[in-house]
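Presented below is the structure to which this report refers.
Please treat every number below as a calculation from the coordinates, not as lab data. Given the structure is predicted, the values throughout are model-derived calculations rather than measurements. No Cβ is skipped: glycine too gets one built from the backbone with ideal geometry, and neighbour counts run over all protein chains shown.
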There are 2 protein chains.
Amino acid sequence: MEISILRLFHRVERDKRVTTHLALVGRAFCASKMFYTGDRDKRLEDKIREVNGRFGGNFEVIYVDDPVQLIKCWKEEGGIVVHLTMYGVPLLDIIDELRNFRKILLIVGSEKVPRIYYEISDYNVSITTQPHSEIAAAAVFLDRLLEGKEFYTEFSNARYKVVPSPKGKKLIRLD
Amino acid sequence: MEISILRLFHRVERDKRVTTHLALVGRAFCASKMFYTGDRDKRLEDKIREVNGRFGGNFEVIYVDDPVQLIKCWKEEGGIVVHLTMYGVPLLDIIDELRNFRKILLIVGSEKVPRIYYEISDYNVSITTQPHSEIAAAAVFLDRLLEGKEFYTEFSNARYKVVPSPKGKKLIRLD
């Protein structure tokens, strides 16, 4: 399954850490890229490139000007579009259905997502109906969708690897 | 099961949104409170109180001066302590064991957590061995531990309630 994230309306100052966390979740939880709209943010892009350099993989962060156009293209190519929102249908009610698709674009908004995104999405999905965090929602969505596959994923070209340990930190250098 | 979060080393400026997201995740995912250390942050506390006022429940955010003392008291009262870290043991390896406990303190660090927290914790637990987000790690931990119970939780004294909807937003006023 191919998963990409679309992060809407990034604002450099206000969202720098939240959007970085979201991109890192995308990378760690087996998405292949994160598109983002709003402010272009070279620091965000550099940060993720740096993590790829250390821990491997080739997760991409790509700025897009026209997210609606991106969504339309995605759908034309046979992909489905899932919008995470506390107003949507509980994930657990439709998770089996979602596992049938081979290509998912996961839209992650910030405050006040315009109506068009609710309408253009194939699924509006909630991770509880409470206000919390788009980072948490994306992580739980991906963990559930992948049934924990991300716990066992190895990244290609990693220079460092963590060896799980009951106490302390074990980080080994691979190159 | 009673779950509390201990957020280490909050810094008002840098962490304001990240710690707020973490507290909201704690609330939405059935923890009863979040202790925090570092900078005292009235805005954080007010924000969570405001969410309780709208969406119900009585999730508490409590500043602590001495987190190590808090941990020791927690253990003396028969609680166990779980520290979330990318260096720890994969959650999936010990989740069944964790479900036997009735009282869990979940430590969520920021950068550079001192060694004592690794040593004093009963479990150091990872949500993948990749760097990502303490918000995501806490959410996946709680979702897995509770086996999705948070999807069906109703909050007492809520003034507003979201009604899940395939398109659009349905928010009903209860009082």
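With the charge dipole of the stretch A:77-149 set up from +1 on Lys and Arg Cβ and -1 on Asp and Glu Cβ about the Cα centre, the Cα lying farthest toward the positive end among the listed residues A:Gly88, A:Ala138, A:Leu98 is that of A:Ala138. Placing unit charges on the Cβ atoms only, positive for Lys and Arg and negative for Asp and Glu, gives the protein assembly as shown a dipole magnitude near 620 debye about its Cα centre. In nm, what does the list of distances from B:Val89 to its counterparts in the other copies look like, shortest first, when each label sits 7 Å along Cα to Cβ? Ordered by increasing distance: 3.9 nm.
In nanometres and ascending order, the distances from the B:Ile62 label point to those of the other copies are 4.9 (point 7 Å from Cα along Cα→Cβ). Rounded to the nearest 10 degrees, the angle from helix A:67-76 to the longest Cα principal axis of chain A is 90 degrees. Taking the alpha-carbon centroid of each part, what is the distance from the stretch B:95-129 to the stretch B:132-150 in angstrom? Centre-to-centre distance over Cα atoms comes out at 13 Å. Across A:Asn52, A:Asn124, A:Asn157, mean-square fluctuation computed from a Gaussian network of chain A (C-alpha pairs under 10 Å connected) peaks at A:Asn157. Relative contact order of chain B, taken over Cα pairs closer than 8 Å and 6 or more residues apart, is 26 percent. When both the stretch A:40-89 and the stretch B:1-33 are represented by their alpha-carbon centers, they are found 26 Å apart.
Distance between the 7 Å Cα→Cβ label points at A:Lys167 and A:Asn58: 4.3 nm.
Footprinting exposure proxy ranking of B:His10, B:His83, fewest other C-beta atoms within 10 angstrom first, gives B:His10, B:His83. Check cross-link reach from B:Lys42 to the aspartates and glutamates: straight Cα distance under 19 Å, and skip same-chain residues fewer than eight apart. Answer for B:Lys42, where 19 Å is the Cα cut-off: B:Glu13, B:Asp15, B:Glu50, B:Glu60, B:Asp65, B:Asp66, listed by chain and number. In whole percents, the pair-distance distribution calculated for the protein assembly as shown from its alpha-carbon pairs, binned every 10 Å from zero, is 5, 25, 36, 25, 8, 1, 0.
Sorted ascending by nearby beta carbons within 10 Å, beginning with the fewest, A:Ile62, B:Ile120, B:Ile127, B:Ile80 become A:Ile62, B:Ile120, B:Ile80, B:Ile127. Set the bar at 29 Å for Cα to Cα. Now go through A:Lys75/B:Lys149; A:Lys75/A:Lys112; B:Lys16/B:Lys112; A:Lys75/B:Lys169; B:Lys33/B:Lys149 and name every pair that lies beyond it. Flagged as over cut-off: A:Lys75/B:Lys149. Starting from the label point of A:Arg14 at 7 Å along Cα→Cβ, the same points in the other copies fall at 2.3 nm, in ascending order.
Approximating the spin labels as points 7 Å out from Cα along Cα→Cβ, the B:Tyr160-to-B:Glu111 distance works out to 3.5 nm.
In chain A, the alpha-carbon atoms span a convex hull of 131 Å³ per residue. Of the residues B:Gln69, B:Val113, B:Val12, the one whose Cα sits farthest towards the positive end of the charge dipole of the stretch B:2-149 is B:Val12 (charges of +1 on Lys and Arg Cβ, -1 on Asp and Glu Cβ, taken about the Cα centre). The order of B:Leu171, A:Leu84, going from fewest to most other C-beta atoms within 10 Å of their C-beta, is B:Leu171, A:Leu84. Give, rounded to the nearest 20 debye, the magnitude of the charge dipole that chain B has about its Cα centre when Lys and Arg contribute +1 at Cβ and Asp and Glu contribute -1 at Cβ. Roughly 900 debye, rounded to the nearest 20. Between the Cα long axis of helix B:134-146 and the first principal axis of chain B there is an angle of about 80°, rounded to the nearest 10.
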